[in-house]
1. If you take the residues in the range 82-107 that are of a type in the set (A, V, I, L, M) and surrounded by 21 or more Cβ atoms within 10 Å (Cβ to Cβ), which one is farthest from GLU12 (Cα to Cα)?
2. With the range 64-177 as the region, which helices (runs of 4 or more DSSP H) entirely inside it contain at least 3 residues that are touching a Cys at 6+ places or on another chain (Cβ under 6 Å) and more than 14 Å from CYS35 (Cβ to Cβ)?
3. State all residues of the range 20-38 that are loosely packed, with under 14 Cβ neighbours inside 10 Å and either in contact with an Asp or Glu (Cβ under 6 Å, 6 or more places away or on another chain) or farther than 16 Å from SER97 by Cα (or both); if no residue qualifies, say none.
4. Do you know which residues across the range 1-55 are under 19 Å from LEU144 (Cβ atoms) and in a helix (DSSP H, G or I)?
5. Taking the conditions exactly as written (at pLDDT 90 or above and more than 15 Å from the chain's Cα centre (by Cα)), does PHE54 satisfy them or not?
6. For THR117, indicate whether it is among the polar types (S, T, N, Q) and under 16 Å from GLY93 (Cβ atoms).
7. Restricting the search to the range 109-147, which residues are among the charged types (D, E, K, R) and out of contact with any Ser or Thr (no Cβ under 7 Å at 6 or more places or on another chain)?
8. Test PRO42 against the stated conditions and say whether it is under 27 Å from GLY154 (Cα atoms), not assigned by TED's automatic domain parsing to the domain that holds GLU146 and not acidic (Asp, Glu).
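The values are calculated or read from the model by the stated rules, or taken from the named source; none is laboratory data. The shown structure was predicted, so the numbers you read here are calculated from the model rather than taken from an experiment. Heads up, the Cβs are rebuilt from the backbone with ideal geometry, glycines too, and the neighbour counts pull from every protein chain shown.
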Amino acid sequence: MGQLILEERSCEVIETCAKKFYPDWDFNRFEAIQCNAADASPEDGNRYDASYIFHIAGPALDNLDREIPFLFPLERGKHYLWELFTELPKSGGSRSSRQFWNRLSRAMSSIELPITTDELVADFEQASLALLDRSVDLGDRFYLPELDYGGWNGGFVTKDFLIEGLRMLAAKLEATGGDRKKSEKTDRTETITEGGNKDEGVSGQENGADL
């Protein structure tokens, strides 16, 4: 569930399936619980349990994966920007950082690699501004009420976190050969990893089994 939640279409499938069983099911709350930004209550039962929801959505996710094989892209030689979001920036984190980071990933999840660093910066800025549109700018951080489930720093996303996040993504893009300026020198159908084989993943290991 940790990686599925980074990709927009898979989250849409999860929400649709969950709401068939629980019409008032709230994806935002589900994600907050998975990110430890909110606590599940006893009356929730299984409705926000990740294993149970994955069981409900499993067949539909399989269908989606056959339609557009992106859920395990490293095993199939197809790469998308969300793959670079599997780590969280280490600077400026807060109780709501993981959930906001997931939202950023989903907003850019359909962008196929390779891209240039300039394109990454432009896409990151566009997605960030859209997500922060209704936030309160407090100078060094933003406050988003919909991400505030209580606790220390609930609802806050710091500007240091966003700056560090963009730097991390740019470094990962370069390290994985996802930068188009470098990869366009080779046949994209063979590899996007510099010096790698066509079946290598982001880490450079065959089939990308470590993701």
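1. Pass one, the range 82-107, residues of a type in the set (A, V, I, L, M): 84, 88, 104, 107.
With surrounded by 21 or more Cβ atoms within 10 Å (Cβ to Cβ) added as a condition, the list becomes 84, 104.
Working: LEU84: 20, LEU104: 15 Å.
The residue in question is LEU84.
2. On the way: elements: 97-107, 117-131, 159-175.
So the answer is none; nothing clears 3.
3. Passing the criteria: LYS20, PHE21, PRO23, ASP24.
4. Within the range 1-55, ILE5, LEU6, GLU8, CYS11, PHE27, ASN28, ARG29, PHE30, GLU31, ALA32, ILE33, GLN34 meet the criteria.
5. On the way: at pLDDT 90 or above: yes; more than 15 Å from the chain's Cα centre (by Cα): yes.
Spelling it out, PHE54 is indeed at pLDDT 90 or above and more than 15 Å from the chain's Cα centre (by Cα).
6. Details: among the polar types (S, T, N, Q): yes; under 16 Å from GLY93 (Cβ atoms): no.
When the stated conditions are applied, THR117 does not pass them.
7. First pass over the range 109-147, keeping only residues among the charged types (D, E, K, R): 112, 118-119, 123, 125, 133-134, 137, 140-141, 146.
Those that are among the charged types (D, E, K, R) and out of contact with any Ser or Thr (no Cβ under 7 Å at 6 or more places or on another chain): GLU112, ASP118, GLU119, ASP123, GLU125, ASP133, ARG134, ASP137, GLU146.
8. Details: under 27 Å from GLY154 (Cα atoms): yes; not assigned by TED's automatic domain parsing to the domain that holds GLU146: yes; not acidic (Asp, Glu): yes.
Considered against the rule, which asks whether it is under 27 Å from GLY154 (Cα atoms), not assigned by TED's automatic domain parsing to the domain that holds GLU146 and not acidic (Asp, Glu), PRO42 comes out as yes.
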